[in-house]
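Below is one structure; the comments refer to it alone.
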Amino acid sequence: MKTLKIAIQKSGRLNEKSVELLKNCGLNFENYKSSLISPVSNFPLEILFLRDDDIPEYVQDGIADLGIVGENVIEETEVTVSYLQRLGFGKCSLKIAITNNSDIKELGDLEGRSIATTYPVILGKFLQKQNIHADIRTISGSVEISPGLGLSDAICDLVSTGGTLKSNGLKSFADVMASEAILIGSKGSENNDLVQELIQRIQSVLRAKETKYVVLNVEKTNLQNVLTLLPGVKSPSVLPLAEEGWVAVHTVIPERDFWDRISQLKQAGAQGIVVMPIEKIIL
Ligand code: PRT
Ligand code: ZN
């Protein structure tokens, strides 16, 4: 079968997590910083290390079958690719921000104003939808210093913690788009068996990341109360303990409501709660 190629960022915010995800999928490869291509020894796959801006077009043109890149870059380059899987890392949002003392109060106030950005395509579409005519100033970096230098009235840039805005005397004003890293493929790549295999491996790693394995002890009289709080992959396993009248419950719970769930379980009579990370969940 033809060897697949997947393009990931060579260095930068998405590199480490992309490499980690592929390694967690059981793929063996060297993360050579100096080489452009790294072969995977135990799967018919080659890894291309590229600048993130080049990844969407490489995938669109079929030079790489797959790519891992921020949704913001895909939308900005307006390529035709298949969205195969959201990956849950590299989360950020593209926002319009203004100076703390700006007289811009609502979206309509952007009419006729200038906005500096490295995302002219996405911003242009957003403004068009809102029927706002603003002067989009495309610059190649350090967008956040533009209002302070008098180069623009506002900026449109990616924000994650908000620290950069704050330290430049700016405040978030409007959300343009939310973004995260996405696995993309050339059109039709989703029909390839190897691509499907890889997507399934990625999904099993992502599912495992979102969940914790929980073992707890409970008196049989409280079992029903505890079980109503637990979903499990299918349903929780209940095993007898050596001590009469007690059982152990094994199950998985979603990471996002972990702390709430644990305190509810304790209130319902659960004891000796052990929580463990999960490596993979294969359905
Ligand atoms: O060299 P190459 O071209 O490959 O990389 P790059 O420098 O263009 O991109 P890189 O590595 O900075 O970001 C890669 C991807 O990470 C982006 O395309 C986004 O999808 C995602 N991402 C997530 C971010 C951020 N969070 C982020 N905070 N990309 C950039 N930022 C920048 C933002 O532009 C601003 O300068 O971080 C600053 C704001 O961060 P906070 O935390 O202060 O709000
Ligand atoms: Zn880039």
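Points worth noting:
- Test result for Leu194, in contact with a His (Cβ under 8 Å, 6 or more places away or on another chain) and either in a helix (DSSP H, G or I) or in contact (Cβ under 8 Å) with a residue 60 or more places away in the chain (or both): no
- Residue among Leu14, Leu66 that alone is more than 25 Å from Val176 (Cα to Cα), of a type outside the set (S, T, N, Q) and at pLDDT 95 or above: Leu66
- Looking only at the range 1-50, and only at residues there that are in contact with a strand residue (DSSP E or B) (Cβ under 7 Å, 6 or more places away or on another chain) and aromatic (Phe, Trp, Tyr), the one that is surrounded by the most Cβ atoms within 10 Å (Cβ to Cβ): Phe49
- Condition check for Val275: at pLDDT 95 or above and part of a strand (DSSP E or B): no
- When the range 192-215 is limited to residues that are of a type outside the set (Gly, Ala, Ser) and in contact with a Lys or Arg (Cβ under 9 Å, 6 or more places away or on another chain), the one that is farthest from Ala270 (Cα to Cα) turns out to be Asn192.
- Single condition Ser82 does not satisfy, out of (1) free of Cβ contacts under 8 Å to residues at least 24 places away in the same chain; (2) surrounded by fewer than 21 Cβ atoms within 10 Å (Cβ to Cβ): (1)
- On the stretch given as the range 65-115, residues that are within 16 Å of ligand 1 (Cβ to nearest atom), part of a loop (DSSP other than H, G, I, E, B) and over 22 Å from Lys166 (Cα atoms) total 6.
- When the range 208-236 is limited to residues that are of a type in the set (Ser, Thr, Tyr) and not in a strand (DSSP E or B), the one that is modelled with the highest pLDDT turns out to be Thr221.
- So Glu20, is it modelled with pLDDT of 95 or more and over 23 Å from Arg207 (Cβ atoms): no
- Filtered by the rule that a residue be of a type outside the set (A, V, I, L, M) and more than 6 Å from ligand 1 (Cβ to nearest atom), the range 156-186 gives Cys156, Lys166, Ser167, Asn168, Gly169, Lys171, Ser172, Phe173, Asp175, Glu180, Gly185, Ser186.
- Looking only at residues of the range 242-251 that are under 10 Å from Lys220 (Cα atoms) and in a loop (DSSP other than H, G, I, E, B), we find that the one that is farthest from the chain's Cα centre (by Cα) is Glu244.
- Taking every residue in the range 33-55 that is part of a loop (DSSP other than H, G, I, E, B) and pairing it with any residue that is within 16 Å of ligand 1 (Cβ to nearest atom) and of a type in the set (S, T, N, Q), at least 6 positions away or on another chain, the pairs with Cβ-Cβ distances below 9 Å are Lys33/Ser11; Arg51/Gln9; Arg51/Ser11.
- Filter pass, Ser93 being in contact with a Ser or Thr (Cβ under 6 Å, 6 or more places away or on another chain) and either small (Gly, Ala, Ser) or exposed (fewer than 14 other Cβ atoms within 10 Å of the Cβ) (or both): no
- Hits in the range 235-283 (condition: touching a residue at least 40 places away in the same chain (Cβ under 8 Å) and either touching a Gly at 6+ places or on another chain (Cβ under 7 Å) or of a type in the set (Phe, Trp, Tyr) (or both)): Val252, Phe258
- Set Asn15, Asn42, Asn24: member being within 20 Å of the chain's Cα centre (by Cα) and more than 16 Å from ligand 1 (Cβ to nearest atom): Asn24
- Residue check for Gly90: within 16 Å of ligand 2 (Cβ to nearest atom), touching a strand residue (DSSP E or B) at 6+ places or on another chain (Cβ under 6 Å) and on the phi > 0 side of the Ramachandran plot: yes
The values are calculated or read from the model by the stated rules, or taken from the named source; none is laboratory data. Just so it is clear, the structure is predicted and the values come from calculations on it, not from any experiment. Every residue, glycine among them, receives a Cβ derived from its backbone with ideal geometry; neighbour counts consider all protein chains shown.
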